[in-house]
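The structure appears below as structure tokens.
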Amino acid sequence: MERRSFLRLAGVGVLSAAGGPAATALAATTKETTDMFSAAYLVKRKSGMSYEDYSRHQAEVHVPMAHALPGLRSYRYIDFPPMEGEDQMFDGLALVEFDDKAAHDAALASEAGQSALADLPTYLDTDAMRVLAGSTVSRKDAFA
């Protein structure tokens, strides 16, 4: 199944981070090489769930599911706890990398991927989730 359709079924909005005028302008002044397909998932916990319960579920249940994805090259999670007693716009950011888009799509379609996707609505507000997808790009200033 095509990735955008697949994520729409999971209730996830997708924003593409590849290409565009900014990337073209940057490419004109830098050398870049595409390394891997990357996806960044900005997540918000379910309404009524404490941050502590969300954080525990993320660490103890969902992260092991993400690590079980076939073809996963890199997984990083950044935690955004409440600051000064106020929730932040998102509770976390998960960054995943695969060799290419096909490997990402295959991972989501796998049994492990289906389990991970099924877990999302148990602790996340899937309507609030945002996904940015594109390429991991190594850039080196062309003038250095």
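For region 65-76, the criterion of being under 15 Å from the mean Cα position of the chain (by Cα), without any contact (Cβ under 8 Å) to a residue 24 or more places away in the chain and closer than 16 Å to residue 136 by Cβ is met by at least one residue.
Residues are listed down the side, and each one gets a yes or a no for (1) within 14 Å of the chain's Cα centre (by Cα); (2) touching a residue at least 12 places away in the same chain (Cβ under 8 Å); (3) within 15 Å of residue 64 (Cα to Cα):
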| site | (1), (2), (3) |
| --- | --- |
| 81 | no, yes, no |
| 92 | yes, yes, no |
| 107 | yes, yes, yes |
| 119 | no, yes, yes |
| 124 | yes, yes, no |
| 127 | no, yes, no |
| 135 | yes, yes, no |
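Look at (1) within 14 Å of the chain's Cα centre (by Cα); (2) at pLDDT below 95; (3) under 19 Å from residue 133 (Cα atoms) and you find that residue 100 fails only one, number (1).
Annotation: residue 88 fulfils all but one of (1) under 15 Å from residue 63 (Cβ atoms); (2) part of a loop (DSSP other than H, G, I, E, B); the unmet one is (1). Here region 37-61 is the region considered, the condition is being part of a loop (DSSP other than H, G, I, E, B) and touching a helix residue (DSSP H, G or I) at 6+ places or on another chain (Cβ under 8 Å), and the residue that is most open to solvent (accessible area, probe 1.4 Å) is 46.
Screening the candidates 112, 68 for the property of being open to solvent by 50 Å² or more (accessible area, probe 1.4 Å), over 18 Å from residue 38 (Cβ atoms) and touching a helix residue (DSSP H, G or I) at 6+ places or on another chain (Cβ under 8 Å) yields one hit, 68.
None of 91, 79, 119 is open to solvent by 30 Å² or more (accessible area, probe 1.4 Å) and of a type in the set (D, E, K, R) except 79.
The values are calculated or read from the model by the stated rules, or taken from the named source; none is laboratory data. On a predicted model such as this, the values are computed, not experimentally measured, just so you know. Cβ: placed from backbone, ideal geometry, glycine included. Neighbour counts: every protein chain shown. When the accessible area is computed, the model is the full protein with side chains, heavy atoms only, and any ligands, DNA or RNA have been set aside. Shrake-Rupley method; radii C 1.70, N 1.55, O 1.52, S 1.80 Å.
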